[in-house]
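K.L.:
There's a structure below that I have some questions on.
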Amino acid sequence: MNNAIELKNLVKKYETPSGLVKALDDLTLAVPQGGIFGLLGPNGAGKSTTLEIIVGLRKASAGTVRIFDRDPQRDSQWIRQRVSLQPQESTIFPQEQVGEMLSFWSSLYDQPRDVNQVATWMGLEDLLTRKVAKLSGGQKQRLNVGLALIGRPKLAILDEPSTGLDVMARDDLWKVLRLLAEEGTTIVLSTHDLDEARVLCHEVAVIDRGRAVAQGSPEELIQKYANGTVISFRVNPDAMPDVLTELRAFGEPEIEDESMVSIRTDDTDSVIAFLSRRPTVSQFHMNEPSLHDAFIRLTGHEFE
Amino acid sequence: MIQHKHIGSLLALQVRELIRNTSYFIFVIIFPFIMAGMFLFLSHLMKGEPGSPDFSPFVLPMAIFLAVTGTALTITAGPLAELRQSGALRVLSTTPIRKSDFLVSYLLVRLIMATVQIIVIEGIAVFLDLLSLKETGSVFLVSLLGLSMFLALGYIIGGCLSSSQLATNLGTLVQLLSLFMSGLAIPFAILPDWLTNILKWIPSTLFGNLIFWASGKPQQQVGATISFCITLAVTVVLVFLAIRSFKWDVE
């Protein structure tokens, strides 16, 4: 057993007033055990539906789901002890205090983590007696992530966990997630933050229109699908025709405005060397290939 | 049965959520006493007035009816719909807790609360000489039957509607309508016969009828046995419908 999650040919259709909508369309992916796995895709791509099927909240219309080699519908009790979901809902049980909420959640599991440890991880240690209804959006989000982690899950499903967090809280959350991944917890998170996916995830699957269009480490995807570095520079308009002609040896240059040109290339050193020899060229700027580039290449459209 | 390891934390959660929702909780606690106090006051004022109705026989049945329906409808239906609306039920279904455990604990806390209310009301009624001590047992048992019937109804309302506001309003509407049609707030003696002949067969009226019977009041319209049988049958049907119609999640 190598994979925490195996999804094969998943289809999910919804009845809507305007007809049948396919949220998942033959989605296949495998999530290895341990590490942080990102489901990457724009809103409406099918990420949340995929996560809901994994935790058994929804049934797939077709296809198979295996969680730690078990059927989530048949072995639901075994899975619920080991798989947790970060609630996206902001105020479940609004009358509860933060400490009471964490304690209640921990009481549901056989081997929970210490409430104070999770509260400290999530920066909630000073808010234990505050009512959930009185928390700010970011505090509620941290509590929700804490609830997903308190049962010591083998697999934690986090649905856009850093939404609403400030930079410091997000960095703290990333540290905790890395720590848990090092301890062997499998963390699956959905995100539409490409930077988060690149920095945090060991592996990502790009979801688009209900399909997993690619899977691999962020660097692998960038190397495979993002077409080189984008170099942009200013050029004297009088010299522009000559520069463009010579640049075509390295790729197809694009004119951004009357004096700004960019070119995407894998041979960065040669282009830089070429441009450096030109006194009519100035203000170099390099954009490393990104997941965004890879996404556009994979899907043929912008991320958002 | 509720899993033993969960019961303490589940019940504690349900109690906290119930009593901290002060606007509903306090209203449901004090409303029966306010209405009973008003009827006692009216009864006191009209005492000795020739031809005036005597409200004193209505004080105890009405207080029990309001306690039972307030708990079973107002603070059951709305908060249950709220749990679905907020996504709490949905999230809980991904935890090891069994759905039935959560719902049983939800109802158990309300059952205990209404039971305590009934006992307190009976105690005050005995103190005020509105009820004899030997009648307290039968009034209590009859109240539990009515509580079961209305709890099932509150569960149906909260189990189907996704808007807590709508569920609360509907629960309160059902409570007030059933109170006014039961003969507990408006004596049947002042209503036309044709209307009384219809209203006396409504299950909530039969429940009121049973309280009259159990407390030895002469206002009952239908025999105790038939009232009991119909109320029990309606309760069984409502419990069945409550279980079948409950929606855990919003699609």
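The values are calculated or read from the model by the stated rules, or taken from the named source; none is laboratory data. Here the structure is a predicted model, which means the values were calculated and not measured. Cβ placement follows ideal geometry from the backbone for every residue including glycine, while neighbour counts extend to all protein chains displayed.
K.L.:
Only residues that are of a type in the set (A, V, I, L, M, F, W, C) and out of contact with any helix residue (DSSP H, G or I) (no Cβ under 9 Å at 6 or more places or on another chain): list them for region A:55-78, please. Even if it seems obvious, please write down each step before you answer.
P.N.:
First, the residues of region A:55-78 that are of a type in the set (A, V, I, L, M, F, W, C): A:55, A:57, A:60, A:62, A:65, A:67-68, A:78.
Across region A:55-78, the qualifying residues are A:ALA62, A:TRP78.
K.L.:
Here is a follow-up. Look at B:ALA88 and say whether it is in contact (Cβ under 8 Å) with a residue 60 or more places away in the chain and either in contact with a Lys or Arg (Cβ under 7 Å, 6 or more places away or on another chain) or hydrophobic (A, V, I, L, M, F, W, C) (or both).
P.N.:
Answer is no for this residue.
K.L.:
Something else about it: How many residues are among the hydroxyl-bearing types (Ser, Thr, Tyr), over 18 Å from A:GLU219 (Cα atoms) and in contact with a Lys or Arg (Cβ under 8 Å, 6 or more places away or on another chain) if we restrict to region A:262-304?
P.N.:
Residues flagged as among the hydroxyl-bearing types (Ser, Thr, Tyr), over 18 Å from A:GLU219 (Cα atoms) and in contact with a Lys or Arg (Cβ under 8 Å, 6 or more places away or on another chain) within region A:262-304 amount to 1.
K.L.:
Moving to a separate point now. Out of region B:147-164, which residues are among the aliphatic types (A, V, I, L, M) and not in a helix (DSSP H, G or I)? Reasoning before the result, please.
P.N.:
Narrowing region B:147-164 to residues among the aliphatic types (A, V, I, L, M): B:147, B:149, B:151-153, B:156-157, B:161.
If the condition is that a residue be among the aliphatic types (A, V, I, L, M) and not in a helix (DSSP H, G or I), then B:LEU161 is the only one that fits.
K.L.:
Looking only at region B:53-66, decide whether some residue is away from chain A (no Cβ under 14 Å), part of a helix (DSSP H, G or I), within 23 Å of B:LEU161 (Cβ to Cβ) and modelled with pLDDT of 85 or more. Before the answer, list the steps.
P.N.:
First, the residues of region B:53-66 that are away from chain A (no Cβ under 14 Å): B:53-66.
This time we only want the ones that are part of a helix (DSSP H, G or I), so: B:56-66.
Keeping just the survivors that are within 23 Å of B:LEU161 (Cβ to Cβ) gives B:66.
Okay, now just the ones that are also modelled with pLDDT of 85 or more, so B:66.
Within region B:53-66, one or more residues are away from chain A (no Cβ under 14 Å), part of a helix (DSSP H, G or I), within 23 Å of B:LEU161 (Cβ to Cβ) and modelled with pLDDT of 85 or more.
K.L.:
Check every one of the strands (runs of 3 or more DSSP E) wholly within region A:29-142 and list those with 2 or more residues that are in contact (Cβ under 8 Å) with a residue 60 or more places away in the chain, within 12 Å of chain B (Cβ to nearest Cβ) and within 28 Å of B:LYS99 (Cα to Cα).
P.N.:
Details: elements: A:35-40, A:62-67, A:83-85.
In region A:29-142, the matching strands (runs of 3 or more DSSP E) lie at A:83-85.
K.L.:
On to the next question. Applying the selection to region A:249-304, what residues are of a type outside the set (Val, Ile, Thr), within 30 Å of A:GLY46 (Cα to Cα) and not in a loop (DSSP other than H, G, I, E, B)? Don't jump to the end; show me each part of the working.
P.N.:
In the first step, residues of region A:249-304 are kept if they are of a type outside the set (Val, Ile, Thr); the result is A:249-254, A:256-260, A:262, A:264, A:266-267, A:269-270, A:273-279, A:282-295, A:297-298, A:300-304.
With within 30 Å of A:GLY46 (Cα to Cα) added as a condition, the list becomes A:287-295, A:297-298, A:300-304.
Scanning region A:249-304 gives A:ASN287, A:LEU291, A:HIS292, A:ASP293, A:ALA294, A:PHE295, A:ARG297, A:LEU298.
K.L.:
Pull out all pairs, ordered by first then second residue, where Cβ-Cβ is under 9 Å, the residues are six or more apart or on different chains, the first lies in region B:110-136 and is of a type in the set (Asp, Glu), and the second is part of a loop (DSSP other than H, G, I, E, B).
P.N.:
Close Cβ pairs (under 9 Å, with a partner that is part of a loop (DSSP other than H, G, I, E, B)) amount to B:GLU122/B:LEU131; B:GLU135/B:SER215; B:GLU135/B:GLY216.
K.L.:
Something else about it: Considering only region B:5-37, how many residues are closer than 29 Å to B:LEU184 by Cβ and part of a helix (DSSP H, G or I)? Talk me through it step by step, then tell me what you get.
P.N.:
Taking region B:5-37 and keeping what is closer than 29 Å to B:LEU184 by Cβ, we get B:18-19, B:21-37.
Of the ones still in play, those that are also part of a helix (DSSP H, G or I) are B:18-19, B:22-37.
Summing the residues that are closer than 29 Å to B:LEU184 by Cβ and part of a helix (DSSP H, G or I) in region B:5-37 gives 18.
K.L.:
Here's a follow-up. Kindly indicate whether B:LEU83 is in a helix (DSSP H, G or I), of a type in the set (A, V, I, L, M) and more than 11 Å from chain A (Cβ to nearest Cβ).
P.N.:
no
K.L.:
When you go through B:THR76, B:THR95 one by one, which is the residue that is modelled with pLDDT of 90 or more and assigned to a helix (DSSP H, G or I)? Please lay out each step first, then the result.
P.N.:
Numbers: B:THR95 fails: assigned to a helix (DSSP H, G or I).
Just one listed residue meets the conditions, B:THR76.
Condition check ((1) hydroxyl-bearing (Ser, Thr, Tyr); (2) within 25 Å of A:SER107 (Cβ to Cβ); (3) touching a Phe, Trp or Tyr at 6+ places or on another chain (Cβ under 9 Å); (4) buried (at least 19 other Cβ atoms within 10 Å of the Cβ)) across all residues:
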{"residue": "B:PRO53", "(1), (2), (3), (4)": "no, no, no, no"}
{"residue": "B:LEU66", "(1), (2), (3), (4)": "no, no, yes, yes"}
{"residue": "B:ALA88", "(1), (2), (3), (4)": "no, yes, yes, yes"}
{"residue": "B:THR115", "(1), (2), (3), (4)": "yes, no, yes, no"}
{"residue": "B:VAL126", "(1), (2), (3), (4)": "no, no, no, no"}
{"residue": "B:GLY137", "(1), (2), (3), (4)": "no, no, no, no"}
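K.L.:
Answer with yes or no whether A:GLY38 is assigned by TED's automatic domain parsing to the domain that holds A:LEU179 and in contact with an Asp or Glu (Cβ under 9 Å, 6 or more places away or on another chain). Steps first, answer last, please.
P.N.:
On the way: assigned by TED's automatic domain parsing to the domain that holds A:LEU179: yes; in contact with an Asp or Glu (Cβ under 9 Å, 6 or more places away or on another chain): yes.
Considered against the rule, which asks whether it is assigned by TED's automatic domain parsing to the domain that holds A:LEU179 and in contact with an Asp or Glu (Cβ under 9 Å, 6 or more places away or on another chain), A:GLY38 comes out as yes.
K.L.:
If you don't mind, there's one more thing I want to ask. Given (1) touching a Leu at 6+ places or on another chain (Cβ under 8 Å); (2) of a type outside the set (A, V, I, L, M); (3) assigned by TED's automatic domain parsing to the domain that holds A:VAL188, where does A:GLU219 come up short, assuming only one miss?
P.N.:
(1)
K.L.:
Now a separate question. Could you check region B:204-251 and list, in sequence order, the residues that are among the polar types (S, T, N, Q) and assigned to a helix (DSSP H, G or I)?
P.N.:
Let us first name the residues in region B:204-251 that are among the polar types (S, T, N, Q), namely B:204-205, B:209, B:215, B:219-221, B:225, B:227, B:231, B:235, B:245.
Scanning region B:204-251 gives B:SER204, B:THR205, B:ASN209, B:THR225, B:SER227, B:THR231, B:THR235, B:SER245.
K.L.:
Which condition number does A:ARG198 fail, the rest of (1) in contact with a strand residue (DSSP E or B) (Cβ under 8 Å, 6 or more places away or on another chain); (2) crowded, with 17+ Cβ neighbours inside 10 Å; (3) more than 22 Å from A:THR28 (Cβ to Cβ) being met?
P.N.:
(1)
K.L.:
Can you say whether B:LEU40 is buried (at least 19 other Cβ atoms within 10 Å of the Cβ), part of a helix (DSSP H, G or I) and on the phi < 0 side of the Ramachandran plot, as far as the supplied structure shows? Explain how you work it out, then say what you get.
P.N.:
On the way: buried (at least 19 other Cβ atoms within 10 Å of the Cβ): no; part of a helix (DSSP H, G or I): yes; on the phi < 0 side of the Ramachandran plot: yes.
Considered against the rule, which asks whether it is buried (at least 19 other Cβ atoms within 10 Å of the Cβ), part of a helix (DSSP H, G or I) and on the phi < 0 side of the Ramachandran plot, B:LEU40 comes out as no.
K.L.:
Are any residues in region B:165-202 farther than 20 Å from B:ILE34 by Cβ, part of a helix (DSSP H, G or I), touching a helix residue (DSSP H, G or I) at 6+ places or on another chain (Cβ under 8 Å) and among the aliphatic types (A, V, I, L, M), and if so, which ones?
P.N.:
Passing the criteria: B:LEU166, B:ALA167, B:LEU170, B:MET181, B:LEU199.
K.L.:
Okay, moving on. Checking A:GLU219 against (1) in a helix (DSSP H, G or I); (2) under 23 Å from A:LEU27 (Cα atoms); (3) in contact (Cβ under 8 Å) with a residue 24 or more places away in the chain: exactly one of these is not met. Which one?
P.N.:
Exception for A:GLU219: condition (3).
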